[in-house]
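*Asks:* Got a structure for you, written out below as structure tokens; questions coming shortly.
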Amino acid sequence: MSGTKEEDRKGSSEWRDSFWNPRTHELLGRTAKSWGLILLFYLIFYLFLAGMFTLTMYMLLLTLDDYKPTWQDRLTTPGMMIRPKGDQLEIVYSISDKESWDSFVQNLNTFLSPYNDTYQVQTNDNCPPDQYFIQEDSEEVRNNPKRSCQFNRTILEDCSGMSDSSYGFNSGQPCILIKLNRVINMLPGKDGQSPYVTCGAKREDSDKIGPLAYFPPNGTFNLMYYPYYGKKSQVNYTQPLVAVKFLNASLNTDINVECKINSNTLAVGSERDKFAGRVSFKLRINDK
């Protein structure tokens, strides 16, 4: 028993000495000088890493431009979107049920409010059509803020919400607005030919879609709205729109519609993105 107690005391003493040895004045096996040197090393090491990180971030920020992205890796052909927004790109409503289509009307009213003629006249220029509105910088002198061309709401005629506040939803002739996503410095046409939109039904629904009307005429995105220089450079930029009015679509049936951009510089679809330059949505108009 005495041998066991002596071994326990010896083990306890060794454990205490491993934490603090009063004979050698070592803490966790190191003297004060050794601890000081290792802490100094790590202090210098982490200060060096922090300095390298700060220098790297500073050099990176020097390459950035507040008005123009340094690198553009987006697809050359922009995507397309529709308004009003429906669930999962579906426009489904009943003519006789105002509540089913009133949200679409309110969505269009909100979306088109910046396009009101009075606002556009105050903020944007009346540009000559069918030519790019180029606004180059003068060497290192920036031409900012850049001006933008007017897109007046009345250009959409029957789909402007001015003459028909329901945008045709209450008569079974709804208007769908189409816009191209913004891409900085994109030139979507050459030789004075503006890109234009065409819509049609998928093959199985080709006999259901009926005739269509486009506003502006021929469904064009006029060249004068391009190039786009960025949100900070063109603070008042207004995206051009194309409205498609369904004049006699079949009732009480699903119609799968596809709209695409036609341009002599933009390709529709690619292996990377089959939906570039096009948008598909379902339209269903019920009479009850």
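*Asks:* Give me the pairs, please: first residue somewhere in segment 205-229 and more than 17 Å from residue 154 (Cα to Cα), second residue anywhere and β-branched (Val, Ile, Thr) and assigned to a loop (DSSP other than H, G, I, E, B), beta-carbon distance under 9 Å, and either six or more positions apart or on two chains.
*Replies:* Partner pairs satisfying both residue conditions: 205/253; 208/253; 227/134; 227/183; 228/183.
*Asks:* With the condition kept exactly as written, say whether any residue in segment 26-49 is at pLDDT 75 or above and in a loop (DSSP other than H, G, I, E, B).
*Replies:* Looking through segment 26-49, at least one residue is at pLDDT 75 or above and in a loop (DSSP other than H, G, I, E, B).
*Asks:* Something else: What tally of residues in segment 104-129 results from selecting those that are part of a helix (DSSP H, G or I) and either surrounded by fewer than 13 Cβ atoms within 10 Å (Cβ to Cβ) or on the phi > 0 side of the Ramachandran plot (or both)?
*Replies:* Matching residues across segment 104-129 total 6.
*Asks:* A further question on this structure: Out of all the residues in segment 101-129, which are out of contact with any Gly (no Cβ under 7 Å at 6 or more places or on another chain), in contact (Cβ under 8 Å) with a residue 60 or more places away in the chain and either among the basic types (Lys, Arg) or under 13 Å from residue 169 (Cα atoms) (or both)?
*Replies:* Selection gives 101, 104, 105.
*Asks:* Let me ask something additional. Got at least one residue in segment 162-179 being over 23 Å from residue 94 (Cα atoms) and either outside the structural domain of residue 143 (by TED's automatic domain parsing) or surrounded by fewer than 17 Cβ atoms within 10 Å (Cβ to Cβ) (or both)?
*Replies:* The answer is no; no qualifying residue exists.
*Asks:* What number of residues in segment 130-146 are in contact (Cβ under 8 Å) with a residue 60 or more places away in the chain, loosely packed, with under 15 Cβ neighbours inside 10 Å and at negative phi? Please lay out each step first, then the result.
*Replies:* Residues of segment 130-146 that are in contact (Cβ under 8 Å) with a residue 60 or more places away in the chain, as a first pass: 130-135, 142, 144-146.
Then drop every residue that is not loosely packed, with under 15 Cβ neighbours inside 10 Å, which leaves 130-131, 134, 142.
With the extra rule that they be at negative phi, the set shrinks to 131, 134, 142.
The number of residues fulfilling the criteria is 3.
*Asks:* Any residue at all in segment 225-243 that's more than 30 Å from residue 134 (Cβ to Cβ), in a loop (DSSP other than H, G, I, E, B) and not basic (Lys, Arg)?
*Replies:* No, there is no match, as no residue in segment 225-243 is more than 30 Å from residue 134 (Cβ to Cβ), in a loop (DSSP other than H, G, I, E, B) and not basic (Lys, Arg).
*Asks:* Kindly provide the set of residues from segment 181-224 that are more than 20 Å from residue 125 (Cβ to Cβ), in a loop (DSSP other than H, G, I, E, B) and among the aliphatic types (A, V, I, L, M), ordered by number.
*Replies:* 183, 209
*Asks:* Quick one: count up the residues across segment 224-239 that are in contact with a strand residue (DSSP E or B) (Cβ under 6 Å, 6 or more places away or on another chain) and either among the basic types (Lys, Arg) or surrounded by fewer than 18 Cβ atoms within 10 Å (Cβ to Cβ) (or both).
*Replies:* 1
The values are calculated or read from the model by the stated rules, or taken from the named source; none is laboratory data. Values in this document were obtained by computation on a predicted structure and should not be read as measured data. Here the Cβ is made from the backbone with ideal geometry for all residues, glycine too, and neighbour counts use every protein chain on show.
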